[in-house]
Ligand SMILES: [Zn+2]
């Protein structure tokens with residue numbers, strides 16, 4: 001009786017079923033994009049598309065809340 005190493009147990013860290021939406025322009029993506037930026041604010045995940053990420057970088061670097069947008 002052998003078990004696969006690192007057995008995959010369903011219900012573990014499954015990807016979010018909901019599509020990610022850019023918190024700035026509203027662009028949707030079916031799957032997490034490597035070019036997108038994900039930031040956590042107040043326990044909420046915020047995704048930004050590639051274009052918005054560039055603009056968001058300034059805010060992130062300045063540690064500013066996105067509320068001023
Ligand atoms: Zn965007």
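None of the figures in this text is laboratory data; all of them are computed from the coordinates on show. Model, not experiment: these values are computed from the prediction. In this analysis, Cβ positions are derived from the backbone assuming ideal geometry, glycine residues included, and neighbour counts consider all displayed protein chains.
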**Q.** Ranking of 61, 50 by count of other Cβ atoms within 10 Å, fewest first
**A.** 61, 50
**Q.** Convex hull per residue volume in Å³, alpha carbons only, for region 20-68
**A.** 73 Å³
Q: Note down the nm distance, to one decimal, between modelled labels 7 Å out along Cα→Cβ at residue 45 and at residue 18.
A: 1.0 nm
(Q) Please arrange 25, 49 by how many other C-beta atoms lie within 10 Å of their C-beta, fewest to most. (A) 25, 49
Q: Give the order of 40, 21 when sorted by the count of other beta carbons within 10 angstrom, beginning with the fewest.
A: 40, 21
